[in-house]
Amino acid sequence: TKKLVSADCVVVADWRELITRDDIDGVIIATPPASHFEIASNFIEAGFPVLIEKPLTMDIEEAEGLLAIADKSNATVMVDHIHLFHPAYRMLKQRAKSHGDIRKLFGRAGNWGPFRNDTPLLWDWGAHDVALCLDLMGALPDRVHAKKIGSRKIEDGFGETVSIEIAFQGGATGDIEISNLKDAKERMLRVEWVDTALIYDDVGYSPLIYESRSDVGGVAEISTTPIDVKDDLPLNIVIRDFSESIRSGVRQLDDLNLGVNVVRVLDRLQTSLTNESVVTM
């Protein structure tokens, strides 16, 4: 372990050894999701600001429990849905306000792996897409549907491809496909209005593209314009935001509330995937 960190980094065998220390400003939890509740609840109750890797938990009661503990403790708790901190997504969200009601969300995401024994694809890759959709719409969907459209056993584990459909009040819909069986990494979210769209593409030639559609003489024409965004890593931004929250002493629970709702939607999607049915929220 010492070879992975700088010489002046203190490494302990058990996180519980850190609970009573008074020289720690904040805690970042990047452990398997099943351990998030136990670790986070102890640090929150001890008064530490906490940043938790996604998904917040894999159990809705645990997620709601963390929110209750944080509320009671007057604590700052953030959840690292990393794409929400991408400069291109933040600009997309800002520009979306001037376009009116969103009509459709279209997402594609995946890579070859990872194949995790402790976190199913839906909760691993799907947490990002659900967080993006909920953050943009500012509301929970009315109903959700998840369907497995491909799977196979491979040497490193089990791979699958899952389609996700979500429907919001007012008619907006989301169509998302996630997979850990892709030959190359993909992370794209297309946000559509009547004749315009904004496209967030984490691995494309431009991370943010504006698209407009028009009818010229009965022929549909599409023009695309790359949008310049700040060159900064999302991980740097989330760490800075967390650090600033600690320095300012301003309580931050917006990310936690969203994190709980992401778990709530993933829980319903899991039920849909298991029962092969549309599930209402």
Percent relative contact order for the range 29-181, counting Cα pairs under 8 Å at least six residues apart, stands at 22 percent
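Accessible area per residue of the range 1-136 at 1.4 Å probe, in Å²? It would help to have the intermediate numbers written out before the result.
Values: 6770 Å² over 136 residues.
Counting only protein heavy atoms, the per-residue value for the range 1-136 is 50 Å².
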Counting only residues 5 or more apart in sequence or on a different chain, those whose built amide H sits under 5 Å from that of ARG143 are ALA167, MET281
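Taking R0 as 22 Å, what's the FRET efficiency between SER214 and LYS97 from their Cβ-Cβ distance, rounded to 0.05? Present the calculation step by step, with values, prior to reporting the outcome.
Values: r = 23 Å, r/R0 = 1.02.
Calculated transfer efficiency: 0.45.
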What the Cα atoms of the range 195-281 span along the principal axes, largest first and in whole Å, is 57, 43, 22
FRET efficiency (SER243, THR173; Cβ distance; R0 25 Å; to 0.05) is 0.10
Gyration tensor (Cα only) of the range 129-270 to equivalent ellipsoid, semi-axes in Å sorted down, yields 27, 24, 19
Expected field for HIS145, accessible surface area in Å² at 1.4 Å probe radius, rounded to 10, holds 50 Å²
Largest-first semi-axes in Å of the equivalent ellipsoid built from the Cα gyration tensor of the range 67-183 are 27, 20, 14
Of the range 74-90, those with amide N under 20 Å from the point 7 Å along the Cα→Cβ vector of ARG116 are 78-86
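Only Cα pairs under 8 Å and at least 6 apart count here; give the relative contact order of the chain as a rounded whole percent. It would help to have the intermediate numbers written out before the result.
On the way: 528 pairs, mean separation 64.7, N = 281.
23 percent.
Per residue and in cubic angstrom, what volume does the convex hull of the Cα atoms of the range 1-127 have?
Working: hull volume 22.8 nm³, N = 127.
In the range 1-127, the Cα hull volume divided by residue count equals 179 Å³.
Looking at the range 203-254, which chymotrypsin sites (Phe, Trp or Tyr not before Pro) are DSSP coil and have at most 10 other C-beta atoms within 10 Å of their C-beta?
On the way: sites: TYR205, TYR210, PHE242; in loops: TYR205.
Answer by residue number: TYR205.
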extent check for the chain: Cα max minus min per principal axis, descending, whole Å, gives 72, 42, 39
Long-range amide H partners of THR161, meaning residues 5 or more apart or on another chain whose placed amide H is closer than 5 Å, are ILE149, GLY150, SER151
If the label point sits 7 Å along Cα→Cβ of ARG152, residues of the range 183-197 with amide N under 16 Å come out as 183-184
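The values are calculated or read from the model by the stated rules, or taken from the named source; none is laboratory data. Model, not experiment: these values are computed from the prediction. Here Cβ is always computed from backbone atoms with ideal geometry, including for glycine, and neighbour counts include all displayed protein chains. The area values use the complete protein model at the heavy-atom level, side chains included, leaving out ligands, DNA and RNA. Shrake-Rupley method; radii C 1.70, N 1.55, O 1.52, S 1.80 Å.
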